[in-house]
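Read through the structure below, which is laid out as structure tokens, and then see the notes.
Just so it is clear, none of the values below were taken in a lab; they were calculated from the coordinates. From a predicted model like this one, the values you see are computed outputs, not experimental measurements. As a convention, Cβ positions derive from the backbone with ideal geometry for all residues, glycine included, and neighbour counts pool all protein chains shown.
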């Protein structure tokens, strides 16, 4: 195979160089200058990505300045959201974003790590490759399709089965009290769990696959069971990478918009019961932005977007750094 | 491997409890995988079923019927998605590839590290934020929703993916190929553009396809940038419909016929994603074979 590739590529090189002949050696000087120019041009495009980030931050800060000036730091702690009287606070949305993401992680982290263990420690190579592909396919499904499925399939299921079952068994907790009409915090958490599951599973799989075989053999040689080896040796060895996977998933969950908007119920309130409707930072922007009237209303919505951007940037940045540290450099991680 | 224990060591050294716990936990790992696959099959199956029942020729050839009337199709949305993804690609592909070349070929210092960090982090930015960015940048200035604003939002989402995959793929090109080119007197820029880049092309195209597949299903970034348009529009200066936004509008509306069409739209999106993913898997698999 390697030989084939060599022949093909060598052929390609010779056909390329034939074209070069007509340039002749006397323009070598010009080429060198062009080389410098080419490097600079590529560098400029690379730097423009940094510029793009700066522009995003500038635009968001600029567009939310009205709200920043008027509400200050209190914006994040104010529970009232009343566009008519222009009393605007972000607390209910921040609460909704964190609660729905927490539900998602509580469900998806154990499942995702379990899948990673199955793929790396148990499944034959071919099965592992195919199942891994199928689970990554979950990550490729557009958010709107999850939303549609959540609205027409998952929400009725929660209303008829999940919520009554939880109320009958754990109903003494305020979390699972009251009636559910299908849409609400719990449904949003469930759909988010499905959406972030592939990220946790895929990154954890890569992390576990990178654990040296000698670690496993050493543990097994001491007479442990396969599970004890996984639990006491393999998982602790990969804990940094798994933490990276979880943080990456958190970043996705915090910013996820359409699927959540369609199943969370969109009501700015803080309720103890997970069956009740809620609202997240991203879904209030999605729902109200195109109809927002008045500069203050728009500005407050933009500030929510700015807060969301800062939050997800910090979370995703932390995930990148953790995963890079593990793979020893930013280049190695696909 | 567990069975080796009891035969070598004294009896009961691996207690029944430890064996049972081990089997149980491994069983749970299999169950977790089963749950994920079941959900995948459930979602895909449901979308395929509902979509297949709903999709018809009108879906591809007709504009939306007036509100409340049954019939009509997604022609405006399909056209709009095509145009906006095309414009976004035209903006993001050259930038992404050249930035990728920089990172792979010349990126050794702190600047490259910063660019990598920012593009990885920007790549995970919520799409609604990309929508806000394009809104404040364009819609606020021209005072109306426009397809151009939608394209800019999509381009912002595409650039990081294209940059990073281009970098990774260009890195995979063997060093000997570069040395051969340089030894023949080819200047660096020609070597990069005409030898290294073509050798990495299948991987770079894969990255571009992934980016296109992702933004084709993108809703949040278009909600208040390109907005929606019930008529066929090809002007970048006007609001433009897209498949995901129209699916959203139809899904939350109270008409059964619109729900039916929303499922047809979802089927189109899911088919697109599945085809792209399968193509990417085939492309990367054959490349790995070549390397081995």
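Packing-based ranking of A:96-102, B:241-247, A:137-143, A:54-60 yields B:241-247, A:96-102, A:137-143, A:54-60, ordered from highest to lowest mean Cβ neighbour count within 10 Å. Shielding value for A:252-263 is 4, the average number of Cβ atoms from other chains within 10 Å of each residue's Cβ. In this rough spin-label picture, where each label sits 7 Å from Cα along the Cβ direction, the residue B:205-residue B:20 distance is 5.8 nm.
Spacing of the modelled spin labels on residue A:296 and residue A:165, each 7 Å from Cα toward Cβ, amounts to 4.8 nm. Which one, B:202, B:146, B:15, has the greatest fluctuation when you compute a Gaussian network model over chain B with C-alpha springs under 10 angstrom? Of B:202, B:146, B:15, the most mobile in the Gaussian network model is B:15. Taking a ≥ b ≥ c as the square roots of the Cα gyration tensor eigenvalues, with a/c under 1.5 meaning rounded and otherwise prolate when a/b beats b/c, else oblate, which class fits the stretch A:50-128? Oblate is the answer for the stretch A:50-128, as a/c is 1.5 or above yet b/c matches or exceeds a/b. Taking other C-beta atoms within 10 angstrom as a stand-in for reagent exposure, B:179, A:136 fall in the order B:179, A:136, fewest first.
Taking other C-beta atoms within 10 angstrom as a stand-in for reagent exposure, A:228, B:167 fall in the order A:228, B:167, fewest first. The Rg/Rh ratio of the protein assembly as shown, with Rg taken over Cα atoms and Rh as the Kirkwood radius over Cα pairs, comes to 1.00. Placing R0 at 51 angstrom, the Cβ-Cβ distance between residue B:179 and residue B:275 gives a FRET efficiency of 0.85 after rounding to 0.05. A full extension of the chain between residue B:282 and residue B:193 corresponds to an added length of 29.5 nm, given 0.36 nm per residue minus the alpha carbon distance.
The stretch B:133-170 and the stretch A:82-118 have their alpha-carbon centroids 26 Å apart.
Extending 7 Å from Cα along the Cβ direction at residue A:47 and again at residue A:130 yields two label points whose distance is 5.2 nm. Which value at 222 nm does chain B reach when only helices count, each DSSP H run of 4 or more adding -39,500 (n - 2.57), with the total divided by all residues and rounded to the nearest 500 deg cm²/dmol? Rounded to the nearest 500, the figure is -22500 deg cm²/dmol.
The overall shape of the stretch B:58-291, judged from the alpha-carbon gyration tensor, is prolate: a/c is not under 1.5, and a/b is greater than b/c.
Length gained on full extension, residue A:267 to residue A:213: 14.3 nm, using 0.36 nm per residue less the C-alpha separation. Counting only other chain Cβ atoms within 10 Å of each residue's Cβ, the peptide B:108-116 averages 4. Hey, with R₀ at 22 Å, roughly what FRET efficiency would residue B:65 and residue B:142 work out to, going by the Cβ-Cβ distance, to 0.05? Result of the calculation: an efficiency of 0.15.
Partner chain Cβ atoms within 10 Å, averaged over the residues of B:180-188 - can you pull that number for me?
Working: counts 5, 4, 0, 0, 5, 6, 6, 11, 7.
Whole-number average of other-chain Cβ neighbours for B:180-188 is 5.
Neighbour counts of other Cβ atoms within 10 Å put A:146, B:102, A:297 in the fewest-to-most order A:297, A:146, B:102. Which residue fluctuates most in the GNM of chain A (Cα springs below 10 Å): A:212, A:236, A:198? Among A:212, A:236, A:198, the largest GNM mean-square fluctuation belongs to A:212.
Place the peptides B:249-258, A:257-266 in order of packing, highest mean first, counting for every residue the other Cβ atoms within 10 Å and averaging per peptide.
A:257-266, B:249-258
Under the 0.36 nm per residue contour assumption, what length would be gained going from the current alpha-carbon distance of residue A:82 and residue A:57 to full extension?
6.4 nm
Quick check: the distance between the Cα centres of the stretch B:83-98 and the stretch B:177-230, to the nearest angstrom? Here the two parts' Cα centres lie 9 Å apart.
Separation of the stretch B:28-71 and the stretch A:217-246, taken as the distance between their Cα centroids, equals 40 angstrom.
By its C-alpha gyration tensor, with a ≥ b ≥ c as the square roots of the eigenvalues, how is the stretch A:92-327 shaped: rounded for a/c under 1.5, else prolate for a/b larger than b/c, else oblate?
It comes out prolate by the Cα gyration axes.
Mean residue ellipticity, 222 nm, helices only, chain A: the sum of -39500 (n - 2.57) across DSSP H runs of n ≥ 4, divided by residue count and rounded to 500, is -22000 deg cm²/dmol.
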